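Notes follow the structure.
The values are calculated or read from the model by the stated rules, or taken from the named source; none is laboratory data. Not measured: the values here are computed from a predicted model. Virtual Cβ from ideal backbone geometry, glycine too; neighbours counted across all protein chains shown. Heavy atoms of the whole protein, side chains included, go into the accessibility calculation; ligands, DNA and RNA do not. Shrake-Rupley method; radii C 1.70, N 1.55, O 1.52, S 1.80 Å.
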Amino acid sequence: MEDTGDDDRIHQGQPEQNTFEAEDIYAEDGSIRSDFLMHVGAAIADRDLLFLRRHVARLHESEMGDLLEAIQPEQRRQLVSLLGADFDLAALTEVDEAIRLDIVEHLPNEQIAAALGEMDSDDAVYILEDLDQEDQEEILSKLPFTERIRLRRSLDYPESTAGRRMQTEFVAVPPFWTVGQTIDYLREDADLPESFSQIFVIDPTFRLLGAIDLDRILRMARGTKIEAIMRETNHPIPAEMDQEEAAQLFEQYDLLSAAVVDENGRLVGVLTIDDVVDVIQEEAEEDLMRLGGVGDEELSDTTIDTVRSRAPWLLVNLLTAFIAASVISMFEATIEDIVALAVLMPIVAGMGGNAGSQTMTVTVRALATRDLDIHNAWRVVRREAGVGLLHGIAFGLMIGAVAGLWFQDVNIGGVIAAAMLINMCAAALAGIMIPMLLDRAGADPAVSSSVFVTAVTDIVGFSAFLGLATWWFAIR
């Protein structure tokens, strides 16, 4: 990491024109106030450490994250450098990966190690996992032995698993302790987590036996044995479990925290609701971005990175567009004879594409949340087929009437109405069947469904409309 060092010329004597409170930095639309940004920018340029310490360093980590995303890259580095030890590194868990890496790469490893030592282990892992191996090892080597082992154990688990998300600080007691011993331990031990709601019960080998909520501890007599009042942990989370599956357990069983265990059932950490909320938000954003074919793109990405992210699926879409175009070319003679077909055929394909996208979006989300499975798939397919049929009839009659009046030809109206019915049914079936088939094949339906659904609706729409027109006008 680069050690930029601080300039000794720190301007501290300028009079302050405004006083900001924490709740005042946001405008009504939720963005950072422009006047606050202006003052922060001026303070950075003037190296006004007094203003920065008073009005920026005291911000909550999420507010600091919003501020870092709102200012220019050069200002971010200068701000972090000026604040030095006053900068809360936990704010980097609230920003895009590109911003986080840009800032961390300009910090000396000594400062990073010192800050990580004050952070919860889950936040420390979140920052460490983006660094290269050499920097990770150097930073970890500067931490106390116990913290180093905890962080390395979390980093050893695969990305996007409960083991990466867990907090390794927890409270565990043996079953033979009394309530009084437990309360005395909680009062006297200086190394307890800052906040916790459960106490876990373990055997001498750290195997998880049960858990007790803090409120239950407080209601019991001091002489009561822990094993008499503990409850079994019905939903311990394997450290190797995907973080999205863990989040679904929290949602299903209304959990606030859950024990994380290794393959031998030994307690290795705890997953808390604040981390799970982040997981749910990340997974929802990821599904939405993938549906648009933009992967894990972030607003802070460079132009080149954005082009690389979007180009592959645009290329696939181009290939499917050529297939659709080849379908149109098969009916070139018909289009030359009946110009109205060229005017109307985008309507059929466009309506089918939109209908297919609606069904696909619902299906992909249902697959992600496990609401759609083999037990209810056929019922949902029948429902979507019915929706497609009714939409096809309604919109087919509507566009058929409009087209017939527009071109003064009832035959044109009838052909487009029939084509609309066919394509709306095809769109509904493609919108649900393609994501389900991709999911069964082990592919991510959020990534590739949209391209294939669009291809189906274009090809079926053009084929149905132009094919019916060719056949109908040929037999007349």
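Observations, loosely collected:
- Accessible surface of the chain, 1.4 Å probe, proportion on carbon and sulfur as whole %: 55
- For the stretch 429-436, 3J(HN,Hα) per residue [Karplus equation, 6.51 cos²θ - 1.76 cosθ + 1.60, θ = phi - 60°, Hz, x = Gly/Pro]: 5, 5, x, 9, 6, 4, x, 5
- Rough spin-label spacing in nm, given labels placed 7 Å along Cα→Cβ, for residue 134 and residue 194: 3.3
- Value at 222 nm in deg cm²/dmol, rounded to 500, when DSSP H runs of n ≥ 4 in the chain each add -39,500 (n - 2.57): -20000 deg cm²/dmol
- Stretchable slack from residue 280 to residue 342, in nm (0.36 nm times residue separation minus alpha-carbon distance): 17.8 nm
- Using R0 = 60 Å, the C-beta based FRET efficiency linking residue 253 and residue 474 works out to 0.40.
- Coil-residue GluC sites (Glu not before Pro) of the stretch 223-276, DSSP, other Cβ within 10 Å capped at 14: 232, 240, 263
- Contour excess over end-to-end distance, with Cα ends at residue 333 and residue 28 and 0.36 nm allotted per residue: 103.9 nm
- Residue (of 67, 450, 375) at the positive-pole extreme of the chain, dipole from beta-carbon charges: 375
- Residues in the stretch 243-260 reached by a label modelled at residue 444 [backbone nitrogen below 16 Å; 7 Å Cα→Cβ]: 243-245
- Relative contact order (%) - the stretch 48-137, alpha-carbon pairs under 8 angstrom, separation at least six: 29
- Placing R0 at 56 angstrom, the Cβ-Cβ distance between residue 231 and residue 308 gives a FRET efficiency of 0.65 after rounding to 0.05.
- Angle in degrees between helix 445-475 and the longest Cα principal axis of the chain, rounded to the nearest 10: 10
- Normalised by the number of residues in the stretch 129-245, the mean separation of alpha-carbon contacts (under 8 Å, six or more apart) gives a relative contact order of 30 percent.
- Sites residue 105 and residue 71, calculated FRET efficiency, Cβ-Cβ separation with R0 22 Å, nearest 0.05: 0.80
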